[in-house]
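**Student:** First, the structure itself, so that you have it in front of you.
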Amino acid sequence: MAEALFTITDLGKVYHMGEVEVHALRQVNLQLDEGKFVVLLGPSGSGKSTLLNIIGGLDVPTSGEVKYRDTVLTRADEAGLTAYRRQHVGFVFQFYNLIPSLTAVENVALVTDISERPMNPGDALRMVQLGERQDHFPAQLSGGEQQRVAIARAIAKRPSVLLCDEPTGALDISTGIVVLEALARVNSELGTTTVVITHNAAIGSMADRIIRLADGRVTAVEERTEKLSPRELVW
Amino acid sequence: MRPLNRKLVRDLLAMKGQAFAIAMVVAAGVAMFVMYLSTFDSLYRTRDAYYERQRFGDVFASFKRAPLRVADAIAAIPNVSAVETRVVANVTLDLPGFDEPASGRLVSVPAHRRPLVNDLFLRRGRWIERGRPDEVLASEGFVLANGLELGDRVPAVLNGRLRRLTIVGVALSPEFIYNIRPGELVPDDRRFGTFWMDEQALAAAFDMEGGFNDVVLGLAPGASADEVMARLDRILEPYGGLGAIPRALQLSHWTVQNELSQLQTFGVLLPVIFMMVAAFILNVALTRALALQRPQIASLKALGYDNRAIGWHYLKWALAIGLGGVVIGVVLGAMMGTLIIGLYNSFFRFPTLLFSVPFGVVVGATAMTMVAAVAGAYTAVRRAVRLPPAEAMRPEVPARYRRSLFETPLVSRHLGTAGRMVLRNVVRHPLRAAASVFGIAFAVAILMIGFVFNDAIDRLMLTQFWDAERQDVTVTFIEPRGESARYALARLPGVVAVEPQRTVAARIRSGYRERYLSITGVPPTPRFRRIVDRDGREIRLPPSGVVLSLTLANVLGVVPGDEVSLDVLEGQRPTRRVLVTGLVDDIMGLSAYMDLAALHQMMREGEVANSALLLIDAAQEGELAAELKVLPAVAGAGFKRAVIQSFREVMAANMSVSILINLIFAAIIAFGVVYNAARVSLSERSRELASLRVLGFTRAEISLILMGELALLTLVALPVGGLFGYALSAAIVGMIDSEVYRFPLYVSRQAVALAFLGIIAATVFSGLVVRRQLDRLDLVAVLKIRE
């Protein structure tokens, strides 16, 4: 059995939106294993992003516990979470969140600058097949290219986990496939545990494991043995 | 370069318009700081070096005449390190090309050695030689203003005899850095000069052989001038002593010192206000810029950058803008300082007065700017950095609008949609609106001060030359004369009327506080010389007692009803205690007025006068002047027309420079504030404005919404600025108030209107700059971007 990277116990998160209480997560229990490609599936508002943000140390739960290897994240303070993100987590967002005033390679260097044993920024870009475009600004790149820069930026620090929030959500199918290929490649070549959240069920076919969420709860967990390549996905 | 620093540079370039506007406001403050304090430093160091090198005296005294042996008694006063006895006399100069007589001050110097105190700086030529009684050294200002050369001869009436004085050298003295004819408002180098002449020659000309009438003392380091002055006064008492004065009250020194303290006050006060405005604008601009950077801040946090790194990154924005301002400001300040020093060089006579910017001033400016930048950035950066990363990822919550308090049903009906949007947007950010209003109001105030002082000087002239001194010519006599002099003057060509005037040198005392001044005798119904207050209102003199300048009363600590002691310093030197019967808030000097008859009675004299005021027929001015030049009893004659002319020339040069400087600064502030307010509004609301365009609003209509906001802010700021301007003017008038002159505070409608118009122009200009950007609004792009 694979070693557990994350152990999640009784996780809950409540938002207060004015006078309304929104339960984004209720009693979530999960284990995410090292090196796996995990897809979190669910409709809007199912709590996927909240879960991802908590795992990534961007947000703190209202109740429950998240354990990363032997560290209990939910007990870490602001500085502890920053250090955790800096050393172990790579993020990929739906809207790429590149710094518009920096070129592709500079966006990657932003991370390699503060990491302990980073990749060469150029290598990271070549890994997502963007070696040629490294001196372009985000505004000069297509959406798919921007997302691949974001992936390069995320993996350049050699993270233990790559967290992707709707990485293809803003892209068309063919561009989305190129991005998913980049993710699959990172997962297989670097062995980086990859968690992708999406509402596109088709993407589940390339995962080792599919976790379904609805209304803040885990409704199903599916272990898969036969992974498809992104090109074989049926949308 | 680190990627974050690259981001910094590129982000700054992206907001270069705003960054530049803020940097310019900073630069304006820095420029003032550098201009004033560097000028202060240059003037201060030049003056002190000059004093040191030329051994400027510590105590000064004039008297009628003392035999030379008295000098030994003076030298024996403890702590006196040097004594220089002199003969000082006023003479009329008969310069070719002048209708009215010019006048000169003759000061004796030894021919065989340099003076022990108040040594001269010899610019050109040579020292005077013994046995050549007509050789003189002439003051540089006079030589330059009259285009004289070495070897030129200046005709002068010495004690009734016309002599031709030969200029053998051009000199400057630390005693006359500010060389003004006593009783005048501004120096006039063309009509007044100082000449240094051989001691024996000068004494002979004024029947002063074996005696002297003026003395300058140097004191041992750290000695108290008060003690020495008291002893000196006792020694000189029998010789018609007019009272010793310390260096601090010596006219030239006092003037330079007064200028220095004003430079220092303004050099700190004004820049601090500018920096506050800059910090305000920086805060508003940065808050908005950081709101736009929310997703980037979230990314940086997600990537593992900690709060300190992100905070420092954004703080560097502010510091970079501030530093830009410092660089521009130092250059600007140095340029303006050069301009000001140029002005000083026409006022003050130094061997060399050069402008330099001390390193310490640059360091001070930088430190002040950094403090303002950090203060301005602090809340904006803190708010941005403290955002939890997951929250930063989401767009900012839509602004909560509500109906403003002003929107009563009555108002709403007339507002229209655009008006309502404008009003709600302003009310939603009350602090920000207040900051903009404060900034614009400050610009109004700065501009207003320039115009107010222009007016104040006009007023001062009006009060002095039309309300107080209505005569055309003032003739001073060498010795007090009786009635006959009056008739002699009345017979001169062009003289329409004569009013004799009697002034008496005296010491006025109340307890330990004392001042030396002239008591003026005033006839019951004065025709020409009247007592008027700051606002030009005539004060009627009561038949008994004295009326004092308000400033003098404050110095002495007396109020009407109190008694003061008068020690008259001429004639029989009577001492009296008299009642203070009135005060006058006047504009110049320290004055004491008495009824003319009461003054004559106190002096136990008949109807004598030591000066006369003439009303003349302007057509015969030339003839009159020619006659006056050669009258032996006349020490000098001042023609009002000439005085006003030189006053206007000096003031025009001065005021045009300072109004120009104020105008530039006010424009910078107004532009900086308005442009930033507009840019921030535009950035916050481009989506909203684009939506309106899509709905079919025209460019003009959406411009109106944005411009309306600026117009509203400006409209509110104008009256506030008017009040600021009034308060600041009053404060500055208060600071300038001195024993020598006091400004009337008079704010004309014209000054206010000009200031308002200037600011409205600056607002319209900045509005138009932003309007160009509004016209280029890319509807599709704006609507597509996610905020």
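**Student:** Report the residue count in segment B:484-529 for those that are closer than 16 Å to B:Leu628 by Cα and β-branched (Val, Ile, Thr).
**Tutor:** Total satisfying the criteria: 3.
**Student:** Give segment B:732-744 a look and list any residue that's of a type in the set (A, V, I, L, M, F, W, C) and either in contact with a Gly (Cβ under 8 Å, 6 or more places away or on another chain) or over 25 Å from B:Ile760 (Cβ atoms) (or both), or say none.
**Tutor:** B:Val733, B:Met735, B:Ile736, B:Val740, B:Phe743
Quick grid of which residues meet (1) modelled with pLDDT under 90; (2) in a strand (DSSP E or B); (3) on the phi > 0 side of the Ramachandran plot:
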residue	(1), (2), (3)
B:Val452	yes, no, no
B:Trp466	yes, no, no
B:Gln471	no, no, no
B:Pro493	no, no, no
B:Ala497	no, yes, no
B:Val504	no, yes, no
B:Val558	no, no, no
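**Student:** What are the residues in segment B:174-200 that are acidic (Asp, Glu) and not in a strand (DSSP E or B), if any?
**Tutor:** Across segment B:174-200, the qualifying residues are B:Glu175, B:Glu184, B:Asp188, B:Asp189, B:Glu199.
**Student:** A further question follows. Tally up the residues in segment B:591-619 that are aliphatic (A, V, I, L, M) and in a loop (DSSP other than H, G, I, E, B), please.
**Tutor:** 1
**Student:** Tell me whether segment A:206-215 contains one or more residues that are assigned to a loop (DSSP other than H, G, I, E, B) and within 14 Å of the chain's Cα centre (by Cα).
**Tutor:** Checking segment A:206-215: at least one residue is assigned to a loop (DSSP other than H, G, I, E, B) and within 14 Å of the chain's Cα centre (by Cα).
**Student:** Conditions first: (1) crowded, with 16+ Cβ neighbours inside 10 Å; (2) closer than 24 Å to A:Leu180 by Cβ. A:Thr74 passes all but one, so which condition is the exception?
**Tutor:** Condition not satisfied by A:Thr74: (2).
**Student:** Looking at (1) modelled with pLDDT under 90; (2) within 27 Å of A:Arg26 (Cα to Cα), can you tell me which one A:Val39 breaks?
**Tutor:** Unmet condition: (1).
**Student:** Here's something else I'd like to know. Take A:Arg153 and tell me if it is out of contact with any Phe, Trp or Tyr (no Cβ under 7 Å at 6 or more places or on another chain), surrounded by 18 or more Cβ atoms within 10 Å (Cβ to Cβ), modelled with pLDDT of 90 or more and under 20 Å from B:Met1 (Cβ atoms).
**Tutor:** Working: out of contact with any Phe, Trp or Tyr (no Cβ under 7 Å at 6 or more places or on another chain): yes; surrounded by 18 or more Cβ atoms within 10 Å (Cβ to Cβ): yes; modelled with pLDDT of 90 or more: yes; under 20 Å from B:Met1 (Cβ atoms): yes.
Yes: the conditions hold for A:Arg153.
**Student:** Hey, can you tell me all the residues within segment B:69-84 that are without any contact (Cβ under 8 Å) to a residue 40 or more places away in the chain and crowded, with 17+ Cβ neighbours inside 10 Å?
**Tutor:** none
**Student:** Filter segment B:1-37 down to residues that are of a type in the set (A, V, I, L, M, F, W, C) and touching a Phe, Trp or Tyr at 6+ places or on another chain (Cβ under 6 Å) and give me whichever is farthest from the other protein chains (Cβ to nearest Cβ).
**Tutor:** Top of the filtered list is B:Ala28.
**Student:** Does A:Leu125 satisfy being modelled with pLDDT of 85 or more, touching a helix residue (DSSP H, G or I) at 6+ places or on another chain (Cβ under 7 Å) and crowded, with 22+ Cβ neighbours inside 10 Å?
**Tutor:** Considered against the rule, which asks whether it is modelled with pLDDT of 85 or more, touching a helix residue (DSSP H, G or I) at 6+ places or on another chain (Cβ under 7 Å) and crowded, with 22+ Cβ neighbours inside 10 Å, A:Leu125 comes out as yes.
**Student:** Inspect all residues belonging to segment B:333-345 and state whether any of them is over 30 Å from B:Gln293 (Cβ atoms) and among the hydroxyl-bearing types (Ser, Thr, Tyr). I'd like the intermediate steps shown before the answer.
**Tutor:** The first filter runs over segment B:333-345 and keeps only residues over 30 Å from B:Gln293 (Cβ atoms), leaving B:333-345.
Now drop any that are not among the hydroxyl-bearing types (Ser, Thr, Tyr), which leaves B:338, B:344.
Looking for residues that are over 30 Å from B:Gln293 (Cβ atoms) and among the hydroxyl-bearing types (Ser, Thr, Tyr), one finds at least one in segment B:333-345, hence yes.
**Student:** Go through segment B:569-590 and count every residue that is part of a strand (DSSP E or B) and polar (S, T, N, Q).
**Tutor:** Going through segment B:569-590 one residue at a time, the tally reaches 2.
**Student:** Can you tell me which residue is surrounded by the fewest Cβ atoms within 10 Å (Cβ to Cβ) among those in segment B:510-558 that are more than 30 Å from the chain's Cα centre (by Cα) and without any contact (Cβ under 8 Å) to a residue 24 or more places away in the chain?
**Tutor:** Per the criteria, the residue is B:Tyr512.
**Student:** Let me ask something additional. Hey, can you tell me all the residues within segment B:154-173 that are among the hydroxyl-bearing types (Ser, Thr, Tyr) and in a strand (DSSP E or B)? Working first, answer last.
**Tutor:** Kept after step one, since they are among the hydroxyl-bearing types (Ser, Thr, Tyr), are these residues of segment B:154-173: B:166, B:173.
Once the filter is applied, which keeps residues that are among the hydroxyl-bearing types (Ser, Thr, Tyr) and in a strand (DSSP E or B), segment B:154-173 yields only B:Thr166.
**Student:** Let me ask you something else. Criterion first (closer than 30 Å to B:Arg181 by Cα, away from chain A (no Cβ under 14 Å) and among the hydrophobic types (A, V, I, L, M, F, W, C)) does B:Ile328 satisfy it?
**Tutor:** Against the criterion (closer than 30 Å to B:Arg181 by Cα, away from chain A (no Cβ under 14 Å) and among the hydrophobic types (A, V, I, L, M, F, W, C)), B:Ile328 does not qualify.
**Student:** Also: Identify, from the list B:Val643, B:Val673, the residue that is of a type in the set (Val, Ile, Thr), in a helix (DSSP H, G or I) and in contact with a Gly (Cβ under 8 Å, 6 or more places away or on another chain).
**Tutor:** On the way: B:Val643 fails: in contact with a Gly (Cβ under 8 Å, 6 or more places away or on another chain).
The match here is B:Val673.
**Student:** Anything in segment B:686-726 that is aromatic (Phe, Trp, Tyr) and closer than 17 Å to B:Arg420 by Cα? List them, or say none.
**Tutor:** Passing the criteria: only B:Phe697.
**Student:** If you scan segment B:184-194, which residues turn out to be within 20 Å of B:Gly97 (Cα to Cα) and among the hydrophobic types (A, V, I, L, M, F, W, C)?
**Tutor:** Listed by number, the list holds a single entry, B:Phe192.
**Student:** Select from segment B:693-723 the residues that are at pLDDT below 90 and hydroxyl-bearing (Ser, Thr, Tyr) and write down the one among them that is nearest to B:Val452 (Cα to Cα).
**Tutor:** Taking the candidates together, the pick is B:Ser703.
**Student:** Another question, if that's okay. Do we have B:Ile273 as more than 14 Å from chain A (Cβ to nearest Cβ), among the aliphatic types (A, V, I, L, M) and surrounded by 23 or more Cβ atoms within 10 Å (Cβ to Cβ) here? Quick ask: steps written out before the conclusion?
**Tutor:** Values: more than 14 Å from chain A (Cβ to nearest Cβ): yes; among the aliphatic types (A, V, I, L, M): yes; surrounded by 23 or more Cβ atoms within 10 Å (Cβ to Cβ): no.
Considered against the rule, which asks whether it is more than 14 Å from chain A (Cβ to nearest Cβ), among the aliphatic types (A, V, I, L, M) and surrounded by 23 or more Cβ atoms within 10 Å (Cβ to Cβ), B:Ile273 comes out as no.
**Student:** Here is a list of conditions, (1) farther than 18 Å from B:Glu479 by Cα; (2) surrounded by fewer than 21 Cβ atoms within 10 Å (Cβ to Cβ), and B:His600 meets all of them except one; can you say which number that is?
**Tutor:** Condition (1) is where B:His600 drops out.
**Student:** Residues in segment B:688-699: is at least one of a type in the set (Lys, Arg) and either in a helix (DSSP H, G or I) or touching a His at 6+ places or on another chain (Cβ under 9 Å) (or both)?
**Tutor:** Taking segment B:688-699 and keeping what is of a type in the set (Lys, Arg), we get B:693, B:699.
If we keep only those that are either in a helix (DSSP H, G or I) or touching a His at 6+ places or on another chain (Cβ under 9 Å) (or both) as well, we get B:693, B:699.
Yes, that holds for at least one residue.
The values are calculated or read from the model by the stated rules, or taken from the named source; none is laboratory data. Model, not experiment: these values are computed from the prediction. Using ideal geometry, Cβ is built from the backbone for each residue, glycine included, and neighbour counts are taken over all protein chains shown.
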